[in-house]
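Written below as structure tokens is the structure these notes are about.
Every number in this text was worked out from the coordinates using simple rules, so none of it is lab data. What you see is a predicted model, and the numbers here were worked out from it, not measured in a lab. With ideal geometry, Cβ positions are generated from the backbone for all residues, glycine too; neighbour counts draw on all protein chains shown.
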């Protein structure tokens, strides 16, 4: 497994990186490289230019910005998993990071890289949806903000343009969240066969707001709107949770693969929505 | 491209293609063949080395990404003729059979014990989750890390892994 | 450590200081000046005619030295194999391909990156043909893999499998009679024993260096059988065996996948000869699914007929066994190895029919256990099922049908002879240790709370330690490997002039610790310290013949050869020491690096003094020749028959079907033990691979013959968090087929474990109506089985 040749640039400023992306065809942004490098080794991806953003200062911070937290483009899964700010305000994302691949991969792979790639078996996109994260994209054309709900288009396809870098994500504070999954080897490690990320806001004993996202279930992660609707306004009881879980795959084209039939995956989606909600509403 | 990388304390400057993987740089440019290649896709961990204090899979890192970094490989773990406690643990507890995964397993274990001096069995298993072993069923590897941890804490290592070979 | 009495003791491994410091030299670590790298172009089709191959662009690519196709290597013949059944593999696909990934062209360039660049520029036109992957479809013979030839290569029958040597009556009429009795129950299950990728962590690697001056070749290969590879290279190129040197240096795991002669081993020799440079090829992991053999792959129906008191009157197994597209080293012999333990540890009539069938998939061959895990799986699953159907405890049903200690030697259901066994004692040792009754109570209490706990038991007997040599001649010929057909063991023990010792053996380790265990044998025999004994292996020029490491045979066969050679060296050394000490040779004893006169420890000479005399023949007593070494070729009178009992406790998540393996116990009997630490390590790894088959691993092909699990992302090997610690114990029932009383332990763990897990999971969900679930027991299968049982 030997990658084909390519030009490599490692800019030390965002502007340089954006210029490099704008100035060449068939470029790829390299952050942690845990997906891109294996894909290049298998020659499934053959960029002519690789833009390594790891030497740009300031992209590897997790910061508290008042009503939201910010996770920079070069923040690794290991940091996302263990950072107190993420654990406090975006525990679904911390848990997703902690269950991604293995420690060695988590030491290199980045949260933003995983979101930008939007692989079917990624853990991060569902958490980003449930947490209502905002994606901050930059290019020589300027910057723009993309809501998580508008970001994940299809398998391996996000709303990013080829010349854009996902420079950071921001996650609003408030509510409680969690991420639960069944992995390929069983248990909660490895790629998800099905996973649920849930976020709820509870006030005065009733669920005032909720977002429920699933990943690994369809070709792209999605918000289970019907599940959230069933929950909001309820008392978060077992019945309300069961009702929410029953809508986990409404209107969704559920995937079949080596690890699950449509029926099993549909069932799992409900089970994991229920288990995740039981966690946050306990 | 010109890179400058410190490996096991020695600084190396080399001209490399951007596509050269770090593991191939170590093995074929520097001749450090202790770091192995067992898969293509970053699963097996036989290529694990420590870069700037963090264990990573060197088959999924470009040499140019390591420019300016400090790399530790299995060849740099022992203190001269004196084995590292992790190496000693693997020897004492039969933590290796064919030995192919061992250098990567040792690097992950060294890094684990550097950040957690007294890991539980579960923490040990999580710490080496990215390193596949086909020979041992991981049983004696867990024991080896327990032995090494005890030794590094100044405790009796034989007590820490008393179930070995039972 | 003391220099004597090391047999049976825990001794740290001699090989480890090198391996833990990254100094172990595996093939890819061996460098030759001026070497080139090869990469293969592989077929994307499982069945196709090759209409054209355009290599011009590749030949013109930077750094390329050659691009070879079948036209260049056809004159060398097909890939050598000992099997005279089925179609041999062409070195490079010759006009047609029969499985995805079959090598079509070989590119040789300055390095692997450039070779891969050029390989991308080889353009092959294919005319796709009809593909057959499903085993039952292949057995139906509608779509044929090789022209007009039947897909069914042969059928191994339990009786008459060895025509003219063992003639047994067909047990089927008797079993049929039992079925028709009013007081019998017949139970049957169709079960899949799925395909596996052996997956040694070191991929296969080869490096050839042809010397045109000597007309000789050196080949480094990650192989379990360097002598066979050397012979095959010699036969292929028409050069004598003393012009071929094959070295298997450190081998990073074998498990059967390196128990073959592969086209790449021949082709790098060819390229090196043509180009005058050393040529290397190292398999990539994805390529391993195409370039290395696979294991298992049976679909079969097991049937038991017995009475309500647990007495089994007949066992039948009919299975279709997947050979893949081509025949390699042991391909059709793997089911035969299963047949060898057809009736297992039980005294009941057994009828076997194993159909060896080709498909458009990569070849199968030995994988840890090779036929025996499959046989043990079918037998122990159906025995368990029978016990459940008649409402008896599975341990009691097994005991009711065991061969008893007084029955030995036993003639097995297919006419082989088992020399020793004590199965009930072994099972009782396990049941006592685990607290069987308490465990069952714990399981039942959990079940009453709605938790799905399951307890699984399997016992097994296996056959290993091959010989006897007569078996090697069973329809096969090792002539293609330039070797006489035999199951020999080789051992050379040589005392050096300085009194240290060199041992050379005909099998080499791929993790089994031969250097340590063999040094223990020699140290024990000669009283020379472990540190003063070096064990050499894996180099074909060191010995005229070495059969290699497979079938858990090393210790029983080559270990015995070394033991005998040690005894002969000791005998001669006693003569020399007696001469030096003016004592009778029979009064000489060896310990602590010296020889002394019995009863007078001070009347002693060091091994160095004995050796010095041995290499100064004029100092020796009259009639004694110079030198101090012995070379023994040992041919065992029989195979060996280890056995054991395994148990697992699992919990199934009723909602997701997720299986949690809580505890695993095993009590095995491999006869005498030389190094308990190493023996336990072999069991740990073997058990892990059986658990892996039960829960995680499966080589999956689609209908077009694409291997969907060629990456470790979807060929889910167990990781450190997948497995528990194992609890081991042993009984010791020595064999008398070798003087060490050892049987072999490399495969036992695997043979005992997969069905232990499946029995446990089925036990956990049996009260819901589930009777069987095919491996691997992924959540989707377990969940589906529970759903199906509800309906």
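Numbers at a glance
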{"quantity": "Difference of contour (0.36 nm per residue) and Cα-Cα distance, residue C:619 to residue C:142", "calculated": "164.0 nm"}
{"quantity": "Rh by Kirkwood over Cα pairs, then Stokes-Einstein D for the protein assembly as shown at 1.002 mPa s and 20 °C, µm²/s", "calculated": "67 µm²/s"}
{"quantity": "Two-site FRET efficiency, residue C:790 against residue B:17, from Cβ-Cβ distance with R₀ of 60 Å, rounded to 0.05", "calculated": "0.50"}
{"quantity": "Cβ-Cβ FRET estimate between residue A:253 and residue A:43, R0 fixed at 41 Å, reported to 0.05", "calculated": "0.85"}
{"quantity": "Contour minus Cα-Cα distance for residue C:541 and residue C:444 (0.36 nm per residue)", "calculated": "28.8 nm"}
{"quantity": "Per-residue mean of C-beta atoms belonging to partner chains within 10 Å, peptide C:201-210", "calculated": "4"}
{"quantity": "Inter-centroid distance (Cα atoms) of the range C:347-393 relative to the range B:12-75, Å", "calculated": "45 Å"}
{"quantity": "Size of the range A:179-281 as Cα extents on the principal axes (Å, biggest first)", "calculated": "44, 27, 20"}
{"quantity": "Simple label model, 7 Å out from Cα along Cβ direction - residue C:568 to residue A:279, nm", "calculated": "6.8 nm"}
{"quantity": "Compactness relative to 2.2 N^0.38 Å, alpha carbon Rg of the range C:178-324", "calculated": "1.59"}
{"quantity": "Additional length obtainable on full extension of the chain from residue B:79 to residue B:10, 0.36 nm per residue less Cα span", "calculated": "23.4 nm"}
{"quantity": "Three-way shape label, chain C, alpha-carbon gyration tensor, a/c 1.5", "calculated": "oblate"}
{"quantity": "Most mobile listed residue (B:143, B:151, B:11) in chain B, GNM with C-alpha springs under 10 Å", "calculated": "B:11"}
{"quantity": "Rg to Rh quotient for the range A:29-132, alpha carbon positions, Kirkwood Rh", "calculated": "0.97"}
{"quantity": "Order of C:45, C:408 - criterion: other Cβ atoms within 10 Å of each residue's Cβ, fewest first", "calculated": "C:408, C:45"}
{"quantity": "For B:26-39, mean number of other protein chain Cβ atoms within 10 Å", "calculated": "5"}
{"quantity": "Order by protection proxy (mean Cβ within 10 Å, highest first), peptides A:216-222, C:696-702", "calculated": "A:216-222, C:696-702"}
{"quantity": "Rg/Rh (Cα only; Kirkwood hydrodynamic radius) as it applies to the range A:142-193", "calculated": "1.07"}
{"quantity": "Ranked by how many other beta carbons lie within 10 Å on average, peptides C:422-432, C:503-513 from highest", "calculated": "C:503-513, C:422-432"}
{"quantity": "Inter-centroid distance (Cα atoms) of the range A:120-163 relative to the range A:69-118, Å", "calculated": "15 Å"}
{"quantity": "Sequence of A:140, B:145 once ranked by neighbouring C-beta atoms within 10 Å, starting from the fewest", "calculated": "A:140, B:145"}
{"quantity": "Rule-of-thumb Rg ratio for the range C:465-613 [Cα; 2.2 N^0.38 Å; N residues]", "calculated": "1.18"}
{"quantity": "Isotropically averaged projected area of the range A:180-222, using the convex hull of Cα atoms (one quarter of hull area), nm²", "calculated": "3.5 nm²"}
{"quantity": "Using alpha-carbon coordinates, inclination of helix B:102-115 to the longest axis of chain B, degrees", "calculated": "80 degrees"}
{"quantity": "As computed over the range B:85-156, the Cα convex hull volume per residue (Å³)", "calculated": "71 Å³"}
{"quantity": "Dimensions (Å) - the range A:149-239, Cα atoms, principal axes, largest first", "calculated": "46, 32, 21"}
{"quantity": "Solution diffusion estimate, µm²/s, Stokes-Einstein, the range B:2-74, Kirkwood Rh from C-alpha pairs, 20 °C, viscosity 1.002 mPa s", "calculated": "181 µm²/s"}
{"quantity": "Where the Cα pairs of the range C:531-680 fall when distances are cut into 5 Å bins, in %", "calculated": "2, 7, 12, 13, 12, 11, 11, 9, 7, 4, 3, 3, 2, 2, 1, 1, 0"}
{"quantity": "Tilt relative to chain A, helix A:14-23 - C-alpha long axis, 0 to 90 degrees, to 10", "calculated": "70 degrees"}
{"quantity": "Estimated FRET transfer efficiency (residue C:212, residue C:181; beta-carbon r; R0 51 Å; 0.05)", "calculated": "0.10"}
{"quantity": "Cα radius of gyration and Dmax for chain B (Å)", "calculated": "15.9, 53"}
{"quantity": "Normalised alpha carbon radius of gyration of the range C:686-791 [divisor 2.2 N^0.38 Å]", "calculated": "1.37"}
{"quantity": "Simple spin-label estimate for residue C:433 and residue A:82 in nanometres, 7 Å along Cα-Cβ", "calculated": "3.9 nm"}
{"quantity": "Taking the convex hull of Cα positions in chain A, its mean projected area over all directions (nm²)", "calculated": "14.4 nm²"}
{"quantity": "Partner chain coverage, peptide C:686-699 - average Cβ within 10 angstrom", "calculated": "2"}
{"quantity": "The range A:7-52: mean projected area of Cα convex hull, nm²", "calculated": "3.0 nm²"}
{"quantity": "Residue exposure sequence - B:135, C:501 - by fewest surrounding Cβ within 10 Å", "calculated": "C:501, B:135"}
